[in-house]
Structure formats: C-alpha cells, structure tokens
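First comes the structure, then the notes that go with it.
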2 protein chains.
Amino acid sequence: MKNPYVHGYHSQESARLQDQASTLEGLLHWDTSFAPGSIVLEAGCGVGAQTVPLARNSPGALIISVDISSASARETCERVAQEGLANVRVLQADIFHLPFREASFDHLFICFVLEHLPRPVEALRVLMRFIRPGGSITVIEGDHGSAYFHPDSAAARRAISCQVELQKRAGGNAMIGRQLYPLLSLAGFSEVSVSPRMVYVDSSRPELVEGFTKKTFTAMIEGVGLAAVGAGIIEKDDFEEGVRDLYRTAEDDGVFCYTFFKGSGKREG
Amino acid sequence: MKNPYVHGYHSQESARLQDQASTLEGLLHWDTSFAPGSIVLEAGCGVGAQTVPLARNSPGALIISVDISSASARETCERVAQEGLANVRVLQADIFHLPFREASFDHLFICFVLEHLPRPVEALRVLMRFIRPGGSITVIEGDHGSAYFHPDSAAARRAISCQVELQKRAGGNAMIGRQLYPLLSLAGFSEVSVSPRMVYVDSSRPELVEGFTKKTFTAMIEGVGLAAVGAGIIEKDDFEEGVRDLYRTAEDDGVFCYTFFKGSGKREG
C-alpha cells in the first residue's frame, strides 16, 4: 500500500474510526442539520463514520456520499443499511472528477479529507462548483498541533510528530484545522465562520478517557509506529516510550486536550 | 526587582492586564455569580483586573480581595471605587498568612495566581482551610502550551518558551492550566470539575485580534524580551523575530488559539 499511514484501510482502523465517530458525534455534529428536500454532497465519506450522524440529523435531506475507494464506499453502504438510513446514496468517485452536474447540491460536507490533500484550496475551489449559488459548505478537520496533555512528555510529542511527518510526506497536513478560516476564504467562500470544538479529558470523564484519549487519539498514533520506524523517522524504543506516555495521560491524574475545527461558508449567489 | 517578568508591576503592564480582563470578561466570568449574603475571598487580586467583574456579577455578595503587594492592593481599591462597586474590601496580606479566622468564607476565588507559586497544591490546601465546610472554590489559569497559531513559526514558539522559562526560574509554571483537575483533586477538594475556555481568533473577530492576539498575548510575550535576553535565554534578534511572527498571526489570513482553564471544587462538609 502506498500510504500505509492513511486512516481507514484495515479493519482495526475502521473500528477505531467508528469509536472516534461515536465519541465525537455530539461535539462535531450537533449543529449540522439540513432542511427537508435539500441535497447534500459528502465528499470523501471514507468508511461512513460521519455519514451516519450526518444522515441521522437530516432525515428529510438526501445525502450523496462519495469516496475514491470502492471498498470504503461499500463499507459506507453497509453501515448506512445497518443503521436503517434510507436517505443516503453512496458511490465510488474521485472528488476531483465528480460525475455530477455543476451547482447541483445545496450543501457540501467534507470531514477529515482536506488534511490528506496537497492543495486544499484548489480542492475547495473545484468542489465549490458543485454547490448551487447561495448554497453552503461545512468542513471539519482536526489539528495535531492542538494536542497537549498532563503529564507533559517530550517522547509523546515526538511520537505525535511522527504522524505529522508521515502525513506531510504523503502530501497532507495533520495541523490543518487551525487554517480553515484562511483556506475557505482563499477558496472564495463568503460568510466564512470557524468554530473550534475542544475535547478536554480528565478522569471525571471516563467515557472520553476510553473513547478519545485511548481509543481515538493514542490508538491512531500507535497505529503509525511501524510506518514511522520503517521510514527512519524514529527509533522503535523512542516511539514506544511516546505511546506509553500518551497512555499515561489516561490515568487518574492525567489530562488530555485536543481541538477539532468546524468551518462554514457560502457560495455567493 | 527580583522577578522583572512578573505581571502587573508597572503601568504598561497594568494597562495590558486591564485590556485582557475586559476582552476575556465574558469568557472567564459569565458563569461565576455568588448568592446575596455570601462572603467571597479573592486570593491574590493583583491590580483588580478580575475583582471588577467578580464584584459586578455578584452585587449581593461581599468580596474580600487580598494581595501581597500594597501598591497592587491600592490600585484595586481605586479601580473598584471608580467602577462604583460598594461590595468589595481590599487589603494587603500574604495569602499564606491570612488575617482571617478559618472557615469564614463561602467561596474562594483565585485567578492567575497558582501559575506563580512553586507549590500550588500546598497553597490550595492552606487556602482551603479558610473556606467553610460545604463551601466552594473557583480557580482560573492560562496555559502557554495551549497557544498555537497560523502561520506557524518556530521563532514565535521560541519567544513564548522564553516566558515559560522565566516563569519557571522564578518558581512558577506558565503551563499550569491543563493541571487544574489533578491539582484540585490532590489538594483534597471534592466534586472537582474543569472547563476549558478557548480563545479562537481569526480576522472575522477583529475585537479579539486587537484585544487578545495583539494587546494581551503578544504584548505579554514582548514584555519579557529584555528579561529573556538579559538572562541569556535567547538572542535579541531571535526574540524580535518571534514577536514579529506573533504579530503576523494577527493579519487577515492569520489565526491564533489559546485556552484558559476554569476549575471548581468543594470543601467537604
């Protein structure tokens, strides 16, 4: 596989992404709901982790979800069926060569996709054409530079930077969250607005200790260990120390902070 | 002066702290209000920047504000009088040797103080004795490790780390915010709860660009330049580059993020 670090391409990763989605559903999705009759394009649905809450929160809207991977598109299909959601259509397509007429969507939803693209502004410009004039966009991204924790640990920070470096080498940007405002503005959207969604975890919030600190964030970092060591970015022992220190932040006196960014904008009418 | 970096000890700093307080008043204080008749100890009031919103939000409570510096106590007095607040008494006292009977306060409020103390848990334990059983505490602290921005800049991060290092050398901890949960727990408070207060700034929020990015955060870092260069922590040119890069984040395509932490707990009855 060309980019072994990329999220979602094996079953353990797929389970991790589902854990993440259910833990973060309220935080990321509570304020996204589309009017009955609207047609929404989800660009880059992956294994459908965001498709389910998206469709559930807008029962009267039609969600068209596309992903470049036919395996992912198939998994999204199955998941949507399992959840009994009838308002989603899934298809395999490249978001840079979409098989749709321009201006045919009321809304574009794109979550955890820009972080993988070498030219995110260009991608937004291409996708904007599929939104009708007056229609809108919602973008959600994380930012690994927003992670800090107690006890602080240089080893843990180095382990995180391995993921950042691997993603960079594959043409992406794991610290893109903070940039949503300039990216959307540069792409030509109007009324751009960004709202940070901070995940704060201490031991009074055990569901986040499990669901976020351990099973979402640390599991993701742990998952790039082989790739990082193989690429010569870090020694195996150093990486393992960093991962241990990340798990350490999930103990009784530990604290973990991470911030997602949710941006919106309009295509001018 | 022993610790030239410490906040508040000259008039420019005092103005900066007032800018900060008025910009952040909503974010930090909106959910702090005490019942009529309650008696609140503000430990370490400094120049009164937090005293004013505290007293304004609890017009029926009596606020007793103390600071170890008589100049600061006097400034708080004047400010409170200027604001026409009649429910504040200010006195000069060392918070480790308070001239009060134990258990004589319903509530303890302590903001931007623990960051300066070598043994914050011990300080909390000492102060807890002045809260009546069943009474409560509110603690607010920043965390310089929570600062990140766009464009990212290693020079800007180095300039920030000068402030962290100076504060450390003086026995404090500029990254204490994330630790409020374990600190309050270790000190013996019950029902400890911490809520992060993130300041997110982009150019759609010009009042925060001015009031926070420039006049609060960057001005604070800029203010330690002489001390940092004098202490041999950084070269003058490097520091100035870092400060320029921080101001750069206040431009149209810039973004600045910082998080305060507000914690609360109870003294068991």
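Picking from residues in region A:116-133 that are in contact with a Leu (Cβ under 8 Å, 6 or more places away or on another chain) and away from every other protein chain (no Cβ under 14 Å), the one that is most open to solvent (accessible area, probe 1.4 Å) is A:Met128. Quick check on A:Tyr247: is it closer than 30 Å to B:Gln179 by Cα and within 14 Å of another protein chain (Cβ to nearest Cβ)? Criteria not met by A:Tyr247. Which of the residues belonging to region B:180-202 are at the interface with chain A (Cβ under 7 Å from one of its Cβ atoms) and within 25 Å of A:Arg178 (Cα to Cα)? Correct list: B:Val194, B:Pro196, B:Met198, B:Tyr200, B:Asp202. If you go through region A:140-170 and pick out every residue that is polar (S, T, N, Q) and either without any contact (Cβ under 8 Å) to a residue 24 or more places away in the chain or open to solvent by 30 Å² or more (accessible area, probe 1.4 Å) (or both), you end up with 1. Out of B:Val40, B:Val113, B:Val66, B:Val90, one residue alone is without any contact (Cβ under 8 Å) to a residue 40 or more places away in the chain and open to solvent by less than 40 Å² (accessible area, probe 1.4 Å). It is B:Val66. Only residues that are part of a helix (DSSP H, G or I) and either under 23 Å from the mean Cα position of the chain (by Cα) or at positive phi (or both) were counted in region B:243-260, giving 3. For region A:179-206, taking the residues that are within 19 Å of A:Arg244 (Cα to Cα) and in contact (Cβ under 8 Å) with a residue 40 or more places away in the chain, the one that is most open to solvent (accessible area, probe 1.4 Å) is identified as A:Ser203. Does B:Val209 satisfy the condition of being more than 30 Å from B:Leu108 (Cα to Cα) and open to solvent by 10 Å² or more (accessible area, probe 1.4 Å)? Considered against the rule, which asks whether it is more than 30 Å from B:Leu108 (Cα to Cα) and open to solvent by 10 Å² or more (accessible area, probe 1.4 Å), B:Val209 comes out as yes. Within region B:150-163, is there a residue that is at pLDDT 95 or above, of a type in the set (Gly, Ala, Ser), over 30 Å from A:Leu184 (Cβ atoms) and not in a strand (DSSP E or B)? Among the residues of region B:150-163, at least one is at pLDDT 95 or above, of a type in the set (Gly, Ala, Ser), over 30 Å from A:Leu184 (Cβ atoms) and not in a strand (DSSP E or B), which makes the answer yes. Tell me whether region A:215-226 contains one or more residues that are touching a helix residue (DSSP H, G or I) at 6+ places or on another chain (Cβ under 8 Å), within 14 Å of chain B (Cβ to nearest Cβ) and either buried (at least 21 other Cβ atoms within 10 Å of the Cβ) or basic (Lys, Arg) (or both). No, region A:215-226 has no match at all.
When region B:140-165 is filtered for residues that are among the acidic types (Asp, Glu), within 17 Å of A:Val255 (Cβ to Cβ) and facing chain A (nearest Cβ under 10 Å), only B:Asp143 remains.
Here is a check on your reading of the model: is B:Gly60 surrounded by fewer than 15 Cβ atoms within 10 Å (Cβ to Cβ) and touching a residue at least 24 places away in the same chain (Cβ under 8 Å)? So B:Gly60 fits the description; yes.
As a summary of the residue check, A:Ser136 satisfies the conditions (1) within 12 Å of chain B (Cβ to nearest Cβ); (2) not in a helix (DSSP H, G or I) except for the one numbered (1). Taking residues in region B:233-245 that are more than 16 Å from B:Thr213 (Cα to Cα), and partners anywhere that are acidic (Asp, Glu) and surrounded by fewer than 21 Cβ atoms within 10 Å (Cβ to Cβ), the pairs with Cβ atoms closer than 8 Å and at least 6 places apart or on different chains are B:Ile233/B:Glu165.
The values are calculated or read from the model by the stated rules, or taken from the named source; none is laboratory data. As the structure is a computational prediction, the values presented were derived from the model and not from experiment. FYI the Cβ positions are ideal-geometry reconstructions off the backbone, even for glycines, and counts take in every protein chain you see. Note: accessible area is taken over every heavy atom of the protein model, side chains too, but ligands, DNA and RNA are not part of it. Shrake-Rupley method; radii C 1.70, N 1.55, O 1.52, S 1.80 Å.
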